[in-house]
Each structure stands twice: as structure tokens, then as C-alpha cells.
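Contents: one structure, followed by commentary.
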Amino acid sequence: MCAVQAGFLGKRTLVLEKNEQPGAKIFISGGGRCNYTNMYATDQQYISQNPHFCKSAFSQWSVEDTIIFFETYGIEGQEKTLGQLFPTTNKAKDVVEVFTNLCQDMDQPIWCDTDVKAVEQTDGGFIVNFERNGREEQLFAPKVVMAAGGLPIPKMGATDFALRTARNFGLKITQTAPALVPLTITGKDQDWYEALSGNSIFCRVSNAQISFEENILFTHWGLSGPAILQISSYWRPGEWIELDMLPHDNILQLIESERQTNGKRPLGGLLSNLYTRKFAEALTKFLPVEKNLASLTRQDMEAIDNLIHHFRLKPAGDKGYDKAEVMRGGVSTDELSSKTLECKKIPGLFFGGECVDVTGWLGGYNFQWAWACGFVIAQNL
């Protein structure tokens, strides 16, 4: 995006790409369909030490700008759930091709299989050292844009290069961690989660800071699914998470209503209407599912309410950068101008995208931040 927007302004860029082709993370996003923005994105859906930092970029490049940009180059959007916008073709490669075609048209070269080793400051700019075609080379650039991403999914080529470069220039790094990542469960209840592997239910997932209403997915090592990925960005080791497994109903009211018409019905029968059969059966571990509704005691009802609406768990950890969608933390926003994304201490050096301490929710928010960064930096090259 930065190279394209710079090209529109008549500025010359060279993209140095480590992988065999650009856009590796675009290709896998949204299950290969690429939810390239979110219609409801505002600064409120981003995590940062400075929650106001992203406002300037979003004022310069809005969601509407993203939609118009892609429509101009042949990608019509279709909303799926919660504002997520996908190409109507459902092909992530179409998003990548918008950029590669524009770069080609404007003679903004992309060198693939190019591994940048170091960026050093020199008079009037920077020396960029890289390896290409088995040879070590270097070039001079008056300005450098670091858009090297974060740490997730190293098998796709992700590295800590952006963070190492920032440290080499003496810039502060906000502590990094996997985000939008599945959570693991260990201990005596692990077998219960494992037995439910593959089952998905709609939940409200909460911690002390925030809550999300989406599906959760049981796995043989713990929990995944959209709501879990969302809360993981706010979760810290040692903290509890609460699940409301019937967020739009009251289980006690449902029991009372059913009691009046069919008091002999077992609790398990009612639960099987609310959940998958396998999940309803799994609740046998915690609830008196064989009891008929009329015989449930006050103590039973309290246990049912606590389990269904206040199921508490303490994850053991997360699945790490191999399974994380994004990285939390990164180059401190204190080091950058919010208006230009240029380093305050090092003129001509810009940081954008995931390597900066701005982390969006699941569902196109991180792409919106990337596009906005690309636009903003291009204006100031």
C-alpha cells in the first residue's frame, strides 16, 4: 500500500520482500478469503500503550477510503459477520494482485527472495544491507519504511527483524506477546475439553476488561474460536476468564417455564435443545442432568446458573506465535509521530503495520491499520 500510494504521488520506491512472493499473510487471512477491512473499525478496537495514537492515521485513511480503493481496482466487498468485509470472489489472491499490478504499472519494483540483514544510518539517509540471489549487496536509500510485520507464524517467514532494527537504533519496544491466539487448558479438566474437541457453541466471553459475543471452539488442548481469539489479546497469564454459555437467555427462567408444562422432563433433555448433543452430555460432569425439572433444588438451580452463565476458567497459556494471528506490542508509539509514523529521533525512518504497538481485533481491523499506515507514510516520504 505504501509503494502504491507513493507511486500515485510520483515518488519512487523499492520493496524488498523476503519471501518468494509478496502478501503471504494476506493469502492466509480469513481462511484464504481475506477480510480486508471492517466496516465498523474505529480507534476503539485497537490495543496500544497509547490508545489515541491510531486516531491520526484513521483520520487520514478511513474505512470508506479502503472500500473505495479496492472497488476502484475491481474488488467489490461483501459483509459477512460483524462488519467483516471480504471480496465477493472470496479469493485473497485478488487483494494481493491489486497491489502487485499497481506496482508493476507504476514501475515500483518488488524484489522477492531478498533478505534484508541490517539498516544503518549514514549521511543523508541509510545503507540497507541484504542478500539476494546468494550474494550480499547493499544500497543507499534516503528514506526507509519498516513494514516487516511481527512474530506470528514464523514458517511463513515472520521474524523479529523490525524489532531488532528498532533496538539497534535505540528505540523503545513495548513488550510483545502473541495475540488473537488460542488458549490452552491443563490440569484435571483437560480431558473434558479434549473430549469436546470440534464442538462449537455461542458464548459471551469476558474478563475484567472486556467481553465478546461469538463462537468458541473446544479443542484437544483447550479453547479457540473467534470469541477466544478476541479475548486472548486482553488476557494475561494467571487471569480468569468467564463464559456465559447462554448469553441471550436466562437458564433459570427457561427451566421454570418448562417446569410448568413438563416438570417430569429431565434437565438433560432441556439442555440438549440448547446445545449440541455431545456438549449437553458433557455437562453431566457438572450438573444433575438425570434429575427431572420438578425435582431440582435451590442448590441445583444455583449450580446450573453458575455453570451456564458464569463458567470460570484459568487458561494455562496460549498456543504461541505459531498459531497467533498477530503480535501485541512492538515499536513504542512514543518513538513515532502519530501524524507521519516517522521516527522522532531518526528522520527518514518510518515504522508501520504490525511491528508498531497497535493491535486490532479479529475481523479485518489489522488490515485497516496496515492500509492506513501505508497511506500515511507514503504522504511523508
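The values are calculated or read from the model by the stated rules, or taken from the named source; none is laboratory data. Remember, it's a predicted structure, so these values are computed and weren't measured experimentally. Positions of Cβ are backbone-derived with ideal geometry, glycine not excepted, and every protein chain shown enters the neighbour counts.
For this structure, a couple of remarks:
Yes or no, residue by residue, for (1) over 14 Å from GLN49 (Cα atoms); (2) of a type in the set (Phe, Trp, Tyr); (3) under 16 Å from the mean Cα position of the chain (by Cα):
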| residue | (1), (2), (3) |
| --- | --- |
| SER337 | yes, no, no |
| GLY348 | yes, no, no |
| GLY353 | yes, no, yes |
| VAL356 | no, no, yes |
| GLN368 | yes, no, yes |
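Okay, residues lined up against (1) farther than 22 Å from THR276 by Cβ; (2) at pLDDT 95 or above; (3) of a type outside the set (A, V, I, L, M, F, W, C):
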| residue | (1), (2), (3) |
| --- | --- |
| GLN190 | no, no, yes |
| TYR193 | no, no, yes |
| ASN199 | no, no, yes |
| ILE210 | yes, yes, no |
| GLU214 | no, yes, yes |
| ILE228 | no, yes, no |
| GLU239 | yes, yes, yes |
| ASP244 | no, yes, yes |
| PRO247 | no, yes, yes |
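- The residue that is farthest from the chain's Cα centre (by Cα), among those in region 116-144 that are over 22 Å from VAL376 (Cα atoms) and charged (D, E, K, R), is ASP123.
- Long-range neighbours under 7 Å by Cβ, at least six apart or interchain, first residue under 25 Å from VAL205 (Cα atoms) within region 290-309, second crowded, with 16+ Cβ neighbours inside 10 Å and modelled with pLDDT of 95 or more: ILE304/ILE251; ASP305/ILE251; ILE308/MET245; ILE308/LEU246; ILE308/ILE251; HIS309/ASP244; HIS309/LEU246; HIS309/ILE251
- When ALA177, ALA162, ALA147 are checked against the criterion of being surrounded by 17 or more Cβ atoms within 10 Å (Cβ to Cβ), over 28 Å from SER224 (Cβ atoms) and within 24 Å of the chain's Cα centre (by Cα), ALA147 stands alone in meeting it.
- Here ALA208, ALA195 are screened, and the one residue that is over 18 Å from the mean Cα position of the chain (by Cα), outside the structural domain of ASN129 (by TED's automatic domain parsing) and closer than 30 Å to PHE53 by Cβ is ALA208.
- Exclusive hit being in the same structural domain as LEU151 (by TED's automatic domain parsing), at pLDDT below 95 and hydroxyl-bearing (Ser, Thr, Tyr), set THR72, THR37, THR66, THR81: THR81
- Options LYS55, LYS25; residue that is at pLDDT below 95 and at negative phi: LYS25
- Some residue of region 167-188 being assigned by TED's automatic domain parsing to the domain that holds THR284 and without any contact (Cβ under 8 Å) to a residue 24 or more places away in the chain: yes
- Among the candidates SER59, SER29, residue that is of a type in the set (Ser, Thr, Tyr), within 25 Å of GLY225 (Cβ to Cβ) and in a helix (DSSP H, G or I): SER29
- Check on ARG277, without any contact (Cβ under 8 Å) to a residue 60 or more places away in the chain, surrounded by fewer than 16 Cβ atoms within 10 Å (Cβ to Cβ), within 30 Å of GLY363 (Cα to Cα) and not assigned by TED's automatic domain parsing to the domain that holds THR81: yes
- ALA158 assigned by TED's automatic domain parsing to the domain that holds GLN49 and at pLDDT below 95: yes
- So GLY374, is it buried (at least 16 other Cβ atoms within 10 Å of the Cβ), at positive phi and either among the acidic types (Asp, Glu) or outside any loop (DSSP other than H, G, I, E, B) (or both): no
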